[in-house]
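For reference, the structure I am asking about is given below.
The values are calculated or read from the model by the stated rules, or taken from the named source; none is laboratory data. What you see is a predicted model; the values in this text were computed from it and never measured. As a convention, Cβ positions derive from the backbone with ideal geometry for all residues, glycine included, and neighbour counts pool all protein chains shown. The protein model used for the area step is the full one, side chains on, heavy atoms only, and it has no ligands, DNA or RNA in it. Shrake-Rupley method; radii C 1.70, N 1.55, O 1.52, S 1.80 Å.
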Amino acid sequence: MTTKELRDFLFRGLMFEAEASNFQSAGIQVGADQSDVEEKLLAAALSPFNVSLRNQALEMARLYAVLFCFENSVRDFIRDTLSEKDGLDWIEKLPPKIKSHAESRCETAIQDSWLEGENTDLLGFVDFGHLAQIIINKWEYFPILPSQHWLKQRMDEMEKVRNFIAHNRMLLPSEFQRLYMYIGDWNRVVGL
């Protein structure tokens, strides 16, 4: 293969990659279906455990994914609202105890941790329970929410569920349904 042929081949490959990502972002599948591979990898990782335990794990994984999306959408909702109302320095205007707690957790993550995950978003270090407090502290910025009681009740109950999940405890079907109901309520109220 000549240098020109090699260069042309590489260029076509780069062009394909660029176009493929455009198609994929539009929802068009290009290349191999990764979902089948992911399912096989998950099945292999779970195979040493009994069927009942595997089924429970898969149920809890779905619940974790929903809770992960919910919690991070609440953080985005707070971030977007406060940056719009308070400006770019909105983080400086958080309640002092919450801000101090988050800064302490952030510093610990940066200094002591071997983990290399996201550690620059201070709002990511705010406890789940503090999210409702931030909203209540700036209540006039969040007129879309029905009431402080509505917010506090749901967030308190979801925090209990979140902590239950974080300690790998199985929930009852009615508890699954309550969490889905609360998240559905939130999504309707904020327009998701």
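Only residues in region 163-192 that are on the phi < 0 side of the Ramachandran plot and of a type in the set (A, V, I, L, M, F, W, C) count as the first member; pair them with residues that are open to solvent by 70 Å² or more (accessible area, probe 1.4 Å) and not in a helix (DSSP H, G or I), Cβ under 8 angstrom, at least 6 apart or cross-chain, and list the lot.
From region 163-192, the pairs are Trp186/Leu192; Val189/Ile144; Val189/Pro146; Val190/Ile144.
Among the residues of region 56-95 satisfying the criterion of being polar (S, T, N, Q) and open to solvent by 40 Å² or more (accessible area, probe 1.4 Å), which is nearest to His167 (Cα to Cα)?
Gln56
Return the residue satisfying two criteria in turn: it lies in region 29-55 and is part of a helix (DSSP H, G or I), open to solvent by less than 70 Å² (accessible area, probe 1.4 Å) and not hydroxyl-bearing (Ser, Thr, Tyr), and of such residues it is farthest from Leu171 (Cα to Cα).
Among those residues, the one meeting the criterion is Val37.
Show the residue pairs meeting these rules: Cβ distance below 7 Å; 6+ apart or different chains; first residue within region 131-152 and in contact (Cβ under 8 Å) with a residue 24 or more places away in the chain; second residue in a helix (DSSP H, G or I) and of a type in the set (S, T, N, Q).
Tyr141/Thr81; Phe142/Thr81
Is region 175-191 home to any residue that is closer than 16 Å to Cys69 by Cα, open to solvent by less than 80 Å² (accessible area, probe 1.4 Å) and among the acidic types (Asp, Glu)?
yes
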